[in-house]
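*Asks:* The following block contains the structure, expressed as structure tokens.
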Amino acid sequence: MDQEMKKLFSTKMTLGYSLLLLLAVILRFNQLSNPMLGEREAAIALQAAGSQTGLSGELPGTSGITALLGLVFFVLGKNEFTARLLPAIFGSLLIFAPLLFRKELGDKTVILLSILFMFDPGFVAFSRHVDGAIITVCGFLFAVGFVLHRRYGFAGIAAGFALLGSSVLWPGVLASGLAFWLTYSIKNSRASSGSGETVPPVAFEKNDLINAGLALILTVGLVGSLFFTRLIGIAAPILNLTAYFAGWLTSTEISPFLILFSFILYQPFILIAGLVEGLRTVRSGDRMNAFLMRWFYLAVLLMLIYPSRGMDSILFAYIPLLVLAARCILRIIESLEQPDIPAWGQMVLVILLVPFSWMNILAIQFPIDGEEEPLRLLASAGALGLLIVASFLIRMGWPPRQGKTGLWMGLAVLIAIFTFSTAWRSAGLGKHPEAELWNYDGITDQMDLLQKTAGDLSEWNVSSREGINIVLLNYSSHALEWSLKDFTSVSKDSSLPNLSNPAIVITADEDVPSLAQAYRGQDFVLNRKTSWPLIMPEEWIKWYAFRELPQETHQVILWARTDLFPGAAKTAPATITPIQ
């Protein structure tokens, strides 16, 4: 009988994880090429492509991801999809990492944790960015899991990818390592009395360390150097560490309070569940929860005090929070009883009345002409009042636990819808991807139109969509250069010399008098960015509902010689006054 139950459970696990993988792939691969690469993404992609038009210097902490992308570009070509392919693959594989912790967390918690990993907004967002942060998170979790299973060779490979991915590894290791030491090195067992939990026994033998070390060295050496074609990549782990230390000497404009506020913006229910579960540590003495809470607090602290913080700094803080939330959700599920008709009725009331009340609150906050605000307020209050009265009557007429079960079932449906919506928007699939904090620096916009315009002009005049000569005049942009990567004659100049009549000139969004006579200009939006420092408190409600916030745009102008257009006279002068 036990064998049959295990086989049935194994079949359900296989089917369940197949479905999870399908959903993870949809979230991470759907429209992966959109939007076009942002400034940082394009800089990494240009480095990986070995583009001669790339801006000088290499971004700190990107040697590893550059080597990984270089291999992908060599095999599959250079475009937005291939640039984001590796993060999307590692982000999808991340849902399997909890399976390595079944002994420590239990089967049910592991399943819940995989679901939370799949929908986590941060994990979804960085699975669609040209960035090594999600590779580092995935490698770290698999490395720890393989160590617990004594698969040291695989642990070395996973650790190698974690070291290559991004500099976010180092604060993550520091926070988790310090939390582990504070929790499990204490000799007094009072913290674990009655919990039966001990530190997972891991005994390293000499051969195990050698296997892990060799696997790590081979991974970093072969993959990091792009099979010895780019030797600087071998030093990627050291360069990532150096980049992290250098970050203490520079600062970014993103506010630490905004990053902290992002927990409430994107994962309010996970935050509440995680903190509630963590606070139980005080009463229950659960050492696992104590370790996770310390890890979360230390990760958040390191994130807040780090001057060069970015949104990728939050990823390692999500790991312990999601584990705590999964354990809390499991406790809630186990406290409920089998739903009966009253529970289903309670669930329907919650699903109908809570959104109805929320929609009326939005109508009050953002009124429509001709609608009366008092009626909206009355409708919202009436819906909540009806829910309270109905819940009270259900508890009076049926077993109280049925009402509790129905309430949690209704809330679970609403939270699931909210979570999926947040993950979808974090993936950049919503109407306003620039309004997502994961795209703090904005998104590239209309460069596909600029690319098509230049291609049309080229085809009309040189019978090739990539052969026309283009000059970037006194303007540098990684995103712009990436959009022009397929053109064979692109150069950068600070001025146009005499007797120079380039077919296309691209400048900043300003008038250039010396070009106006012989060229026609068309502006294109290069970057669309949310004005985060200017957001007022009341505007966050609008962000929650519609993702609409004040924006700013940066434009460029494409100047094309007038004689390039079909039917145009040869009007280009012999000389153009130099632009200083």
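*Asks:* Taking segment 470-494 as the region of interest, how many residues are β-branched (Val, Ile, Thr) and in contact (Cβ under 8 Å) with a residue 40 or more places away in the chain?
*Replies:* 1
*Asks:* Out of segment 245-289, which residues are open to solvent by 80 Å² or more (accessible area, probe 1.4 Å) and in contact with a Lys or Arg (Cβ under 9 Å, 6 or more places away or on another chain)?
*Replies:* Once the filter is applied, which keeps residues that are open to solvent by 80 Å² or more (accessible area, probe 1.4 Å) and in contact with a Lys or Arg (Cβ under 9 Å, 6 or more places away or on another chain), segment 245-289 yields only Ser251.
*Asks:* Within segment 25-34, can one find any residue that is more than 17 Å from the chain's Cα centre (by Cα) and in a helix (DSSP H, G or I)? Working first, answer last.
*Replies:* So in segment 25-34, the residues more than 17 Å from the chain's Cα centre (by Cα) come out as none.
Scanning segment 25-34, I find no residue that is more than 17 Å from the chain's Cα centre (by Cα) and in a helix (DSSP H, G or I), so the answer is no.
Yes/no matrix, rows are residues, columns are (1) of a type in the set (Ser, Thr, Tyr); (2) in contact with a strand residue (DSSP E or B) (Cβ under 9 Å, 6 or more places away or on another chain):
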residue	(1), (2)
Leu411	no, no
Leu414	no, no
Leu437	no, yes
Asp441	no, yes
Leu450	no, yes
Ser458	yes, yes
Ser464	yes, no
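The values are calculated or read from the model by the stated rules, or taken from the named source; none is laboratory data. Given the structure is predicted, the values throughout are model-derived calculations rather than measurements. So basically every Cβ, Gly included, is an ideal-geometry build from the backbone, and we count neighbours across all protein chains shown. Ligands, DNA and RNA are stripped out before the accessible areas are found, and what is left, the full protein with its side chains, is counted by its heavy atoms. Shrake-Rupley method; radii C 1.70, N 1.55, O 1.52, S 1.80 Å.
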